[in-house]
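Read through the structure below, which is laid out as structure tokens, and then see the notes.
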Amino acid sequence: MLLHDLSKYLSDRFTLEDSCYALDDRTLCHTFDFLSDVSFGLDDNDIPLDSGERENQCFRYATFAPRQNKKFSKAIVLLHGLNERSWEKYLPWAYQLVMQTQKPVILFPIAHHINRSPQTWRSPRLMDQHSIFRKTTIPSIENSSFANAALSLRMDRHPEYFALSGIQTYFDIVKLASAIKAGHLEFFQNDCHIDFFAYSIGALLTETLLISNPAQLFSGSRAFFFCGGSTFDKINGCSRSIMDSQAFASLRNHTLNHPALLDKKIKIPEQQARLLIDGWQAFLAMSGIKKYVTHRENAFKCLINRIKAIGLKGDFIVPGHAIKDTFGKMFDNRRFEVDIMDFPFEYSHEVPFPVHNQRLNDMVTQSFLMVFNQAAQFLS
């Protein structure tokens, strides 16, 4: 099936409202409620947006799984990119991984993204008003749009939200993995092995989890990165689909020059709070700040053979060469596997597979399969 047709089919079928339904005769979709145990005492009254805390704290996530009558001993967590408001792009990615690995794939939303954000944040009419205001009040601004207005406002006024949202998702995944390994989710075996497929900023979160290895949950986990994996300092988040130039400048300055965060008012269950220090150190190791390079390199020595990455030559958000540079150092005469691809059609970081261009359907599908054949082989 062409990627365009698969995408349309899955988009028409997908819903988070039903607890279990068939995607086709080989694959089921299960959805589950999730309550985040982590919250932040932040004052965002200066941002003219719905805070979205209700949607962010209590939400649903989906799992695509092969039809079978026994419990699964392995699973893959799929993590998405920055400023995503829909699962649509990722549905064929998850489906393809299920088909080729025969493992369940968990589509888990990052804090304040996709269904963890208010509907108003994706309203073109409402968000365009904020974009117009930013263009009027900041004449030098670039790449302001209705699509990035919500994230741009938050990052410009409170750039610490980037790290705090990451911390919240970090603990959410710890909670999810703990429940899976304890056998609390009905179709996973006790001590189920968990791997990751991570795209874009989801790779930074995955690296933080693998380096810190909270509660020893990810001791043997593997991770496949697509268009992600570089240190934060090599990322360019200025895009009409992600955030505007003013917001990214604010975020970059805060992340690289003001790394102290642990004094913020963070509400974390006591039994998990001890994991914060290692998690925060792992995030700093992936920031690109020079004083944490040794920490990152020591951590990477333990991750050889457990990470594979594919970057794209024409990606200007997380450039392929930046991913290669991040993993370029040799450890014990071994290097990480990092490939840089270049597709034979116009693409971007945000849209690596332009499924709606009918005349490119065959080439897009072939490129999609090139990436996911490698991902499935690595994660099988």
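Read-outs throughout are calculated quantities, based only on the coordinates presented, and are distinct from any laboratory measurement. Small disclaimer: the values here were computed from a predicted structure and weren't measured. Every residue, glycine among them, receives a Cβ derived from its backbone with ideal geometry; neighbour counts consider all protein chains shown.
Helical runs assigned H by DSSP (4 residues or longer) give the chain a calculated mean residue ellipticity at 222 nm of -11500 deg cm²/dmol, each run adding -39500 (n - 2.57) before division by the residue total. Neighbours of SER165, meaning other residues whose beta-carbon lies under 11 angstrom from its beta-carbon, give a summed charge of 0 when Lys and Arg score +1 and Asp and Glu score -1.
In summary, the aspartates and glutamates within cross-link reach of LYS70, defined as a Cα separation below 13 angstrom excluding same-chain residues under 8 places away, comprise GLU186. Dipole size of the chain about its Cα centre, with +1 on Lys/Arg Cβ and -1 on Asp/Glu Cβ: approximately 700 debye, rounded to the nearest 20. With R₀ fixed at 22 Å, the C-beta to C-beta distance from LYS291 to ASN253 puts the FRET efficiency at about 0.80. Spin-label model, ARG335/THR137: points 7 Å from Cα along the beta carbon direction are separated by 4.8 nm. Each listed q (0.10, 0.13, 0.22 Å⁻¹) maps to a log10 I(q)/I(0) for the stretch 90-193, found by the Debye formula over equal Cα scatterers with no solvent: -0.46, -0.68, -1.17. Tally Lys and Arg at +1 and Asp and Glu at -1 over the other residues with C-beta under 15 Å from the C-beta of VAL98: what net charge comes out? Neighbour charge sum, excluding VAL98 itself: +2.
Taking a ≥ b ≥ c as the square roots of the eigenvalues of the Cα gyration tensor of the stretch 204-260, is the shape rounded (a/c under 1.5), prolate (a/b larger than b/c) or oblate? Note, shape of the stretch 204-260 comes out oblate.
Structure remark: mean-square fluctuation, Gaussian network model of the chain, C-alpha springs under 10 Å; the largest value among ASP25, ASP37, ASP315 belongs to ASP25. In the chain, inverting the average of 1/r over every pair of distinct C-alpha atoms gives 21.2 Å as the Kirkwood radius. A simple spin-label model places pseudo-atoms 7 Å from Cα toward Cβ; at GLN189 and LYS74 they are separated by 1.1 nm.
Label separation (ASP25 vs LEU369): 2.1 nm, computed from points 7 Å beyond Cα along the C-beta direction. The length gained on full extension between GLN216 and ASP33, counted as 0.36 nm times the residue separation minus their Cα-Cα distance, comes to 63.4 nm.
Taken as entire DSSP H runs, the helices of the chain that both span 20 Å or more between Cα atoms along their own long axis and average 0.0 or more on the Kyte-Doolittle scale are 160-181, 361-379.
Length gained on full extension, ARG60 to SER11, computed as 0.36 nm times the residue gap minus the Cα-Cα distance: 15.9 nm. In the elastic network of the chain, a GNM with C-alpha springs shorter than 10 Å, the most mobile of SER239, SER152, SER11 is SER11.
For the chain, a Gaussian network of Cα nodes joined below 10 Å ranks LYS324, LYS71, LYS103 by mean-square fluctuation, and the top entry is LYS71. One decimal place: the segment GLN119-GLU270 gains 51.1 nm when fully extended, by the rule 0.36 nm per residue minus the C-alpha distance.
Excluding same-chain neighbours fewer than eight residues apart, the aspartates and glutamates reachable from LYS234 by a Cα-Cα span under 14 Å are ASP315, ASP325. What shape does the stretch 266-319 have by the C-alpha gyration tensor, where a ≥ b ≥ c are the square roots of the eigenvalues, rounded means a/c under 1.5, and otherwise prolate means a/b greater than b/c and oblate the rest? Prolate is the answer for the stretch 266-319, as a/c is 1.5 or above and a/b outweighs b/c. For the residue pairs LYS71/LYS181; LYS181/LYS308; LYS103/LYS324, alpha carbon separations beyond 18 Å are given by LYS181/LYS308; LYS103/LYS324. Relative contact order for the chain: 18 percent, from Cα pairs under 8 Å spaced at least 6 residues apart, divided by residue count. Overall, the anisotropy analysis places the stretch 112-268 in the prolate class: the square-rooted eigenvalues a ≥ b ≥ c of its C-alpha gyration tensor yield a/c not less than 1.5, with a/b exceeding b/c. The charge dipole of the stretch 305-352, taken about its Cα centre with unit charges on the Cβ of Lys, Arg, Asp and Glu (plus for the first two, minus for the last two), comes to roughly 340 debye. Count Lys and Arg as plus one, Asp and Glu as minus one, and take only other residues whose Cβ is under 14 Å from that of ASP24; the net charge is then +1.
The stretch 299-367 and the stretch 50-112 have Cα centres spaced 21 Å apart.
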